[in-house]
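Notes follow once the structure below has been shown.
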Amino acid sequence: MPEPGWSLRVPADVLLRQMGIPQAQRRALARAAETLRAAWVDKLNQPGSGATYNTGFITTKGSPRRVIPVGERVPHTASAPGEPPAPDTGAGRTSIVAVALDDGDRQRIGTNKRYLFALEFGVNVPGSKVGQHPAEGFKIEPRPHARPVGEQMKPAMNEAFSAELGHG
């Protein structure tokens, strides 16, 4: 144990930087963010159990890629209220990204697809955080996907963070 008054004469932030701690923390944070992003994408991959109807899409991308003849419609099974949104074109899934903010000390996991926000909270239903839909009588019950995944993945994100720092 050092004697009272002993000092390295190095500020804590400099010492941490020399030890590589901030870089390890950033890598750990990025790993935890990727864990959440991947789980969110998986949640949006679940098939729906709601109504089935024909879409007007001409082509779909998938495995293998199918080309639909012009004028032919593709069947789609929607999600039921309370389920995550069912996949259709894949645009929602591919829009989920994890981005480092500032100097890497923070991560944002999100999407630029506004309809995913509307589906998360519902439209024109009590308690919705989404504004009124312009169409008269238009209503979508909530299809939560982001918040449940966030809650479910907290332990896995902590595990990913700890594993990256060598504590797991």
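Just wondering, is there one or more residues in segment 131-147 that are in a helix (DSSP H, G or I) and surrounded by fewer than 19 Cβ atoms within 10 Å (Cβ to Cβ)? Yes: one or more hits. The lone criterion from (1) out of contact with any helix residue (DSSP H, G or I) (no Cβ under 9 Å at 6 or more places or on another chain); (2) modelled with pLDDT of 95 or more left unmet by Ala39 is number (1). Scanning segment 122-146 for residues that are among the charged types (D, E, K, R) and over 15 Å from Gly82 (Cβ atoms), we see that the one that is farthest from the chain's Cα centre (by Cα) is Glu136. Checked against the criteria, Val130 does not count as β-branched (Val, Ile, Thr), within 20 Å of Ser95 (Cβ to Cβ) and touching a Leu at 6+ places or on another chain (Cβ under 8 Å).
Every residue, every condition in (1) small (Gly, Ala, Ser); (2) under 14 Å from Asp42 (Cα atoms), yes or no:
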site: Lys113; (1), (2): no, no
site: Ser128; (1), (2): yes, no
site: Arg143; (1), (2): no, no
site: Ala146; (1), (2): yes, yes
site: Ala156; (1), (2): yes, no
site: Phe161; (1), (2): no, no
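The values are calculated or read from the model by the stated rules, or taken from the named source; none is laboratory data. For clarity, every value in this text was computed on a predicted model and none was experimentally measured. All Cβ positions, glycine included, derive from the backbone under ideal geometry; neighbour counts span all protein chains shown.
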